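*Asks:* This is the structure I want to talk about, given as structure tokens.
The values are calculated or read from the model by the stated rules, or taken from the named source; none is laboratory data. Because the structure is a prediction, the values reported are computed rather than measured. All Cβ positions, glycine included, derive from the backbone under ideal geometry; neighbour counts span all protein chains shown.
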Amino acid sequence: MDFPPRPGSPRTRRESPPERPPPSSGRIGEGSEGLDRVDRREPSGEREPPRRAPAGRRSETAARVLWAAPWIVFAVAIIAFGGPVFAVAMVGLAWAAQIELFRMTARSRPFEAAAFLGALGMIAAAYFGSSLQILLALVATVPVMLFFALLRPSPKNVTWSFAITVLALVWIALPFAHAVLLRELPLHGGALLVDVLVATFFADTFAYLGGRMFGQRRLSPRVSPNKTIEGLLIGILGGVLGFWLAGLYQDWLSGPEALLYGFCIALLAPLGDLFESAVKRDLDVKDTGRMLGPHGGLLDRLDAVLFTIVAGYYLALAIVY
């Protein structure tokens, strides 16, 4: 005899008819097919962040381009004018970079007036004299610093004040003075200055892209964790390529000379970057300032140039002149 299955038994579940969706009203998109399509959709909120992220990156890139464009025009203009216009611009940029350093090291109470006077004297010496006069102007700043030190009620921490002031002169004022020396070289000074800047930009850009794409081994984790050995090598190749391309139509500069010149510039560019990274790491700051908007401070953009511009002048004397 067959007994009826108990409620809830497997037989009951097997024999119960499957549930049907509500009958379609005849409109397109309703019924089982329409429900399947609706069920497969994800809530709109889940897709919004991926859509917004590219827009954010695009807006940041656009902001960087908008900030960089007038500065590029400014750089091209002052290099083209040269002479006193370029020298005065270098004084202004040197003072702006020194102010960024002094804001980061305010606790050390550097002798700001002495540094400003020293930068003015060194750049004036570069325009009216030579590298020897730059050295004399740098040395002349020492008694000026001593004068301001004697005006203080106490000599406490005066050693730190001396140290930061000298750093502002050697790290910042000296390269800007050499930019004037390089620009004022006869015949090819402006072109060589552009070549050095292009090579430095290529080295920096290629190092960044190469590190992002192929970076595996960190170059200096404690100073700059994002820099890699692979990025360094690709950056050097990029710097050489940049200088070679910039000098491609300069018949007074041969191919081997351009490659040698560019190689030396490309080697020094990452050193300038690492030097500034070490300073910022010690002072626990991310950017040296906001003068350049999304690019950070002036020192953030010119860190490599502060090294390559000095080498660029002496390489010009050794290779071209």
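*Asks:* So which residues in the range 106-120 are in a helix (DSSP H, G or I) and over 17 Å from V310 (Cα atoms)?
*Replies:* A106, R107, S108, E112, A113, A114, A115, F116, L117, G118, L120
*Asks:* Under 8 Å by Cβ, and 6 or more places apart or on different chains, what pairs join a residue from the range 289-302 that is in the same structural domain as E100 (by TED's automatic domain parsing) and crowded, with 19+ Cβ neighbours inside 10 Å with one that is at pLDDT 80 or above and among the hydroxyl-bearing types (S, T, Y)?
*Replies:* Note: no pairs meet the criteria.
*Asks:* Hey, any hits in the range 128-136 for a residue that's in contact (Cβ under 8 Å) with a residue 24 or more places away in the chain, surrounded by 13 or more Cβ atoms within 10 Å (Cβ to Cβ) and within 14 Å of V91 (Cα to Cα)?
*Replies:* yes
*Asks:* When you look at F307, is it touching a helix residue (DSSP H, G or I) at 6+ places or on another chain (Cβ under 8 Å), aromatic (F, W, Y) and over 20 Å from G92 (Cα atoms), yes or no?
*Replies:* no
*Asks:* I would also like to ask the following. If you take the residues in the range 149-166 that are crowded, with 17+ Cβ neighbours inside 10 Å and among the hydroxyl-bearing types (S, T, Y), which one is farthest from G312 (Cα to Cα)?
*Replies:* S161
*Asks:* May I ask you to list the residues in the range 199-236 that are at pLDDT below 95, out of contact with any strand residue (DSSP E or B) (no Cβ under 9 Å at 6 or more places or on another chain) and over 19 Å from S277 (Cα atoms)?
*Replies:* Hit for the range 199-236 is M213, nothing else.
*Asks:* Going by the conditions given, is F243 crowded, with 23+ Cβ neighbours inside 10 Å and closer than 30 Å to L187 by Cα?
*Replies:* yes
*Asks:* Here's a follow-up. Being of a type in the set (S, T, N, Q) and touching a Ser or Thr at 6+ places or on another chain (Cβ under 9 Å) narrows it down to one residue among Q216, Q250; which is it?
*Replies:* Being of a type in the set (S, T, N, Q) and touching a Ser or Thr at 6+ places or on another chain (Cβ under 9 Å) holds for just one of Q216, Q250, which is Q216.
*Asks:* Considering only residues that are under 18 Å from D195 (Cβ atoms), of a type outside the set (F, W, Y) and in a helix (DSSP H, G or I), which ones fall in the range 78-89?
*Replies:* I78, I79, A80
*Asks:* Now for a different question. If you go through the range 246-278 one residue at a time, how many are buried (at least 18 other Cβ atoms within 10 Å of the Cβ) and without any contact (Cβ under 8 Å) to a residue 12 or more places away in the chain?
*Replies:* Final tally of qualifying residues: 0.
*Asks:* Looking at the range 269-315, which of the residues that are of a type in the set (A, V, I, L, M) and part of a loop (DSSP other than H, G, I, E, B) is farthest from L232 (Cα to Cα)?
*Replies:* Taking the candidates together, the pick is M291.
*Asks:* For the range 150-166, how many residues meet the condition of being in a helix (DSSP H, G or I), of a type outside the set (F, W, Y) and within 35 Å of the chain's Cα centre (by Cα)?
*Replies:* Within the range 150-166, residues that are in a helix (DSSP H, G or I), of a type outside the set (F, W, Y) and within 35 Å of the chain's Cα centre (by Cα) number 7.
*Asks:* Does L169 count as without any contact (Cβ under 8 Å) to a residue 60 or more places away in the chain, assigned to a helix (DSSP H, G or I) and surrounded by fewer than 17 Cβ atoms within 10 Å (Cβ to Cβ)?
*Replies:* no
*Asks:* Within the range 205-215, restricting attention to residues that are out of contact with any helix residue (DSSP H, G or I) (no Cβ under 6 Å at 6 or more places or on another chain) and of a type outside the set (A, V, I, L, M), which residue is nearest to G238 (Cα to Cα)?
*Replies:* Filtering first and then ranking leaves T205.
*Asks:* Residues to consider are A69, A96, A125, A89; find the one that is within 19 Å of I164 (Cα to Cα), of a type in the set (A, V, I, L, M) and not assigned by TED's automatic domain parsing to the domain that holds G296.
*Replies:* Answer to the selection: A96.
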